[in-house]
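Asks: Structure below; questions to follow.
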Amino acid sequence: MYAPLQTIPVLDMGVEPFLVLLVTALAGGAFGAALGALPSFVFTGFVVLLGEGVGILQGQLNGLDAINGSLAAGITGTLGFGMVVGPHVAFAGGVAASAYVGKKYPEMNPNGWDYHLGKDISSAFGTKPDILAVGALFGALGMLITQIAGGLGFPTDNIALSVFLTAMIARVVFRYPLIGSPAGDGLLDMGPFERNEPREQPDDVPEGNAGRLAVEPWLGHQYKWLNVTVIGVVGGILGGYIWLETGSVFLGYGISAASLLFLNLGVAKIPVTHHLTLIGVVGAMIAAPMVGGELVPLLAAGVFGALSGVVGEGAQRIFYSHSGTHVDPPAMAIASIMFVVGVLYLLGLLPNAGYLGL
């Protein structure tokens, strides 16, 4: 789980607190569907920036009474990573809504989207009740997965895990292939995309989108192995530096998430970096108590950022490129890397588990 999010096992909750959480998650998921998955995640970035900024200000003012010590954690954890715009609620609701729209309303393609419409996470779906209902149900499901996994002490980032699982469940519910049939030389081959080859088999292609590409990478400007490694080093170092200088684990993540506003507005080649900056912080957190100073933790942050970029790219090639809905590569990278970190920490092989509350 994210450190600011205080996960209480659902079985230990009273009825009323659980119902409050459930009702709010339903609303948060519907909100994500109304705005669209990517716009809702941009708001995650804005809220996290606000919460972490308040936390830094609080530290600079040495706990002045004017700044409530619980305020920063409340903004980041309860709102940014909670039921309002938490990725496991709002983003997950938006992703599921896109999957539903791809099957139910193939004519809804206002942006000229040339992938399967179920992957269009940048469009808002407004106020159509059935679409909002799908978002609401998956927002609640995302909350439940996160709460249960956190309550069981599952050693990973359970928000990221929930984002992945809800997206895969949406594929099952709306009858998309879990992985899809790869073109070219297997799941990892992006050659058909580079050659602009169309899909030969219609399988899950809705009417009106039958000319989609045989392979649809998550980001056409961010998929080559060397490229994702380099941007991973850059993002990881910046995330690590922000943590070293401010003590904020999530400020870099917030900056990265907020930067996706420009991607959503259509600015070409904006990179997606929140998994790079966040995992970069983890590298710095692990290295700092082992070696001291700042240079080695900063370099470790770059290595971890590169690792996150490569893992995310491998995940998108397997889970995203060959089926018809969005399954989030950054979430997969964060969940898988943090699982390894969590297990190694529990085995006593690491000095800490990064930001995990283990």
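The values are calculated or read from the model by the stated rules, or taken from the named source; none is laboratory data. If you're wondering where the values come from, they're calculated on a predicted model, not measured in any experiment. We place every Cβ from the backbone using ideal geometry, glycine too, and count neighbours over all the protein chains shown.
Asks: Name, by its number, the condition in (1) free of Cβ contacts under 8 Å to residues at least 40 places away in the same chain; (2) surrounded by fewer than 22 Cβ atoms within 10 Å (Cβ to Cβ) that does not hold for Ile242.
Replies: The one condition Ile242 does not meet is (2).
Asks: Would you check if Val215 is hydrophobic (A, V, I, L, M, F, W, C), in contact with a helix residue (DSSP H, G or I) (Cβ under 9 Å, 6 or more places away or on another chain) and modelled with pLDDT under 95?
Replies: yes
Asks: Just checking, does the range 250-265 include any residue being at positive phi and either touching a Leu at 6+ places or on another chain (Cβ under 9 Å) or in the same structural domain as Leu358 (by TED's automatic domain parsing) (or both)?
Replies: No: the range 250-265 contains no residue that is at positive phi and either touching a Leu at 6+ places or on another chain (Cβ under 9 Å) or in the same structural domain as Leu358 (by TED's automatic domain parsing) (or both).
Asks: Quick test for you: out of Glu313, Glu245, pick the one residue that is under 29 Å from Gly184 (Cα atoms) and either outside the structural domain of Val101 (by TED's automatic domain parsing) or part of a helix (DSSP H, G or I) (or both).
Replies: Only one candidate qualifies: Glu313.
Asks: Can you tell me which residue among Ser308, Ser259 is in a helix (DSSP H, G or I), touching a residue at least 40 places away in the same chain (Cβ under 8 Å), surrounded by fewer than 24 Cβ atoms within 10 Å (Cβ to Cβ) and polar (S, T, N, Q)?
Replies: Ser259
Asks: While we're on this one: Kindly check whether there is at least one residue in the range 317-337 that is surrounded by fewer than 23 Cβ atoms within 10 Å (Cβ to Cβ) and farther than 30 Å from Lys104 by Cβ.
Replies: Yes; the residues of the range 317-337 include at least one that is surrounded by fewer than 23 Cβ atoms within 10 Å (Cβ to Cβ) and farther than 30 Å from Lys104 by Cβ.
Asks: Across the range 41-53, what is the number of residues that are surrounded by fewer than 18 Cβ atoms within 10 Å (Cβ to Cβ) and more than 16 Å from the chain's Cα centre (by Cα)?
Replies: Within the range 41-53, residues that are surrounded by fewer than 18 Cβ atoms within 10 Å (Cβ to Cβ) and more than 16 Å from the chain's Cα centre (by Cα) number 2.
Asks: Further question: Condition test on Val303, is it β-branched (Val, Ile, Thr), surrounded by fewer than 23 Cβ atoms within 10 Å (Cβ to Cβ), without any contact (Cβ under 8 Å) to a residue 60 or more places away in the chain and assigned to a helix (DSSP H, G or I)?
Replies: no
Asks: Moving on to the next point. Could you give every pair whose Cβ atoms fall below 7 Å, whose first residue belongs to the range 114-127 and is assigned to a loop (DSSP other than H, G, I, E, B), and whose second residue is hydroxyl-bearing (Ser, Thr, Tyr), counting only separations of at least 6 or pairs across chains?
Replies: Asp120/Ser98; Ile121/Ser98
Asks: Residues Leu26, Leu79, Leu64, Leu38: which one is part of a helix (DSSP H, G or I), surrounded by fewer than 22 Cβ atoms within 10 Å (Cβ to Cβ) and either at pLDDT below 80 or in the same structural domain as Asp120 (by TED's automatic domain parsing) (or both)?
Replies: Among Leu26, Leu79, Leu64, Leu38, only Leu79 is part of a helix (DSSP H, G or I), surrounded by fewer than 22 Cβ atoms within 10 Å (Cβ to Cβ) and either at pLDDT below 80 or in the same structural domain as Asp120 (by TED's automatic domain parsing) (or both).
Asks: Give the number of residues within the range 329-358 that are in a helix (DSSP H, G or I) and of a type in the set (Phe, Trp, Tyr).
Replies: Adding up the residues that qualify gives 2.
Asks: Among the listed residues Thr166, Thr146, Thr156, identify the single one that is at pLDDT 90 or above, in contact with a helix residue (DSSP H, G or I) (Cβ under 7 Å, 6 or more places away or on another chain), in the same structural domain as Gly36 (by TED's automatic domain parsing) and part of a loop (DSSP other than H, G, I, E, B).
Replies: Thr156
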